[in-house]
Amino acid sequence: MGTLFSSSLALFFTILLHNHPGGEAGVGVNYGVVANNLPPPPVALSRLRQIGITKIRIFDPENTILTALHGSDISVIIGTKNKDLLPLATDKSAASAWVAANILPHHPSVKFTCITAGNDEVPAGLSRYTPAAMENLAAAVAAANLSIPVSTVISMRTLSASFPPSAGDFSAAAKPIMTQIVKFLQSEKYPLHLQVFPYFARANYPVELDLDYALFRPGKTAVRDGGRTYLNLFDLMTDAAHAALEKIGAGELEIVAAESGWPSGGGNDATVENAQTYVNNLIGHVASGKGTPRRPGKQVEAYIFALFNENMKPEGIEQHWGMFYPNLTHVYHLNKIV
Ligand SMILES: *[C@@H]1O[C@H](CO)[C@@H](O)[C@H](O)[C@H]1NC(C)=O
Ligand SMILES: *[C@@H]1O[C@H](CO)[C@@H](O)[C@H](O)[C@H]1NC(C)=O
C-alpha cells in the first residue's frame with residue numbers, strides 16, 4: 001500500500017515538475033528539528049525523495065542537513081535565526097561571516113533557493129532590523145559571486161484587515177517595516193514568504209468560517225469580493241496579503257506560501273483525517289496552476305508544514321503538524337492527485 005502511494009505520488013510530482021520548467025513552482029516541505037527522536041538527515045531526505053519532494057525549507061542553518069544535501073536534487077530555503085537579525089543588520093562583516101559559515105562550505109553542492117532573514121518576527125521585537133539584515137546578506141552573497149535570492153518570512157499577523165480579501169492591509173505597526181522590506185524585494189525581484197494557515201483563521205472564526213471552506217472542500221461557503229469568488233480560505237488569505245502589498249505599491253511581488261499545513265492532533269478539528277484532506281487538497285490546488293482569484297493563472301508555490309511531528313515543541317497542536325512520525329511512518333497518506 002505504502003509503496004503504491006509513494007510511486008503514484010512520485011509520478012505525479014514528475015509530471016508537475018515537467019509542466020513547470022524552471023522548477024520554481026510546486027510543493028516543498030518545512031524540515032523542522034525541534035525534537036530529540038528524529039532520524040538522521042540522510043534518512044529523512046531519502047524518505048522525502050521517495051514521495052517525490054525536491055524542495056525543503058530549514059529554519060536555522062542546520063549543518064547536518066546541509067551536509068546531507070550535498071549533491072542531491074533537493075533544493076533548500078535556509079533561514080537565519082531571529083536573534084541574528086540585529087548583528088546581520090548592524091555589522092556587514094557579520095553578514096559576510098554568516099554566508100562564509102553557512103553557504104560557502106556547501107556551494108555549489110547544495111542548491112540554495114533563498115536565504116530568509118528572520119521568521120515571523122514582523123512587526124515585533126527585532127523586526128526593524130530585517131530590511132538592513134536582508135541588504136547586508138544580499139551584499140555578502142554578491143561579494144561571494146553567488147546568486148541566491150534573499151527574503152524574509154512573515155505571518156498573517158502583519159495584516160490588520162484581511163476580510164474581504166480586497167480590504168487586506170498591513171497593520172500600522174507592520175507597515176513601516178513592510179514598506180522597507182518590499183522596497184528591497186522589488187529592487188531585486190525577490191519573492192515575499194508568507195505563512196498561510198487556514199487552520200488558525202478558522203480557529204479564530206469557528207462560526208463564520210466552516211470547516212469545509214478551510215479544507216478546500218466545496219461547501220456552502222463562497223465569498224464574493226467585487227468580481228471575484230473565493231472558494232477556499234487559502235486563496236482568500238493569500239489574496240488579502242496581495243491586496244495589502246498593492247496598498248504599499250508592491251502589487252507585483254510574488255508570494256511564496258512558506259508554511260501551510262494542518263495539525264493531526266492536540267486541538268479542535270485537529271484530526272488525521274482533516275490533516276490528510278488539507279494537505280492533499282493543498283497539493284492539488286498548487287498542481288492545478290489556477291493561482292488565486294487576484295492572481296489567476298499565477299503558479300503558487302507552497303511549503304507543507306511540516307515534515308515530522310516534533311516532540312520538543314509545546315504540548316497541544318504544536319507537536320502534531322508532521323506528515324511523518326519520527327519512525328518514518330506516514331501520519332496520513334498522500335493520495336494520488338490528478
Ligand atoms: C568574483 O568575481 C570577480 C570577477 O570575476 C573576481 O575578480 C573576484 O575575485 C571574485 N570574488 C570571489 C570571492 O570569488
Ligand atoms: C511509528 O510511530 C507511530 C507513533 O508513535 C506508531 O503509531 C506506529 O505504530 C509506528 N510505526 C512503526 C512501524 O513502528
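The values are calculated or read from the model by the stated rules, or taken from the named source; none is laboratory data. In this text, all values refer to a predicted model and were calculated from it rather than measured experimentally. Ideal geometry is used to build each Cβ from the backbone, glycine not excepted, and the neighbour counts take in all protein chains shown. Heavy atoms of the whole protein, side chains included, go into the accessibility calculation; ligands, DNA and RNA do not. Shrake-Rupley method; radii C 1.70, N 1.55, O 1.52, S 1.80 Å.
Quick look at the numbers
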| item | result |
| --- | --- |
| Yes/no for D120 being of a type in the set (D, E) and under 20 Å from the mean Cα position of the chain (by Cα) | yes |
| Residue in region 290-312 that is assigned to a helix (DSSP H, G or I) and surrounded by fewer than 17 Cβ atoms within 10 Å (Cβ to Cβ) present | no |
| Given (1) over 19 Å from V150 (Cβ atoms); (2) outside any helix (DSSP H, G or I); (3) modelled with pLDDT under 95, index of the condition A35 fails | (3) |
| Filter result for A95 (over 22 Å from the mean Cα position of the chain (by Cα), over 22 Å from I255 (Cα atoms), within 16 Å of ligand 1 (Cβ to nearest atom) and surrounded by 21 or more Cβ atoms within 10 Å (Cβ to Cβ)) | yes |
| Hits in region 313-338 - residues which are part of a loop (DSSP other than H, G, I, E, B), within 16 Å of ligand 2 (Cβ to nearest atom) and either in contact with a Cys (Cβ under 6 Å, 6 or more places away or on another chain) or open to solvent by less than 20 Å² (accessible area, probe 1.4 Å) (or both) | W321, G322, M323, V331, Y332 |
| Scope region 172-227; condition under 30 Å from G266 (Cβ atoms) and aromatic (F, W, Y); matching residues | F197, Y199, F200, Y205, Y213, F216 |
| Boolean, A144 is more than 25 Å from H285 (Cα to Cα) and either more than 16 Å from ligand 2 (Cβ to nearest atom) or buried (at least 16 other Cβ atoms within 10 Å of the Cβ) (or both) | yes |
| Test: residue in region 28-45 that is within 25 Å of I255 (Cβ to Cβ) and among the β-branched types (V, I, T) | yes |
| Yes/no for L194 being of a type outside the set (G, A, S), within 30 Å of K92 (Cβ to Cβ) and modelled with pLDDT of 95 or more | yes |
| Subset tally (residues that are open to solvent by 10 Å² or more (accessible area, probe 1.4 Å) and either at positive phi or among the hydroxyl-bearing types (S, T, Y) (or both)) for region 47-86 | 7 |
| Output for region 98-137, where each listed residue is among the hydrophobic types (A, V, I, L, M, F, W, C), surrounded by 22 or more Cβ atoms within 10 Å (Cβ to Cβ) and either in contact with a Phe, Trp or Tyr (Cβ under 6 Å, 6 or more places away or on another chain) or over 17 Å from I65 (Cα atoms) (or both) | A117, V122, A133, M134, L137 |
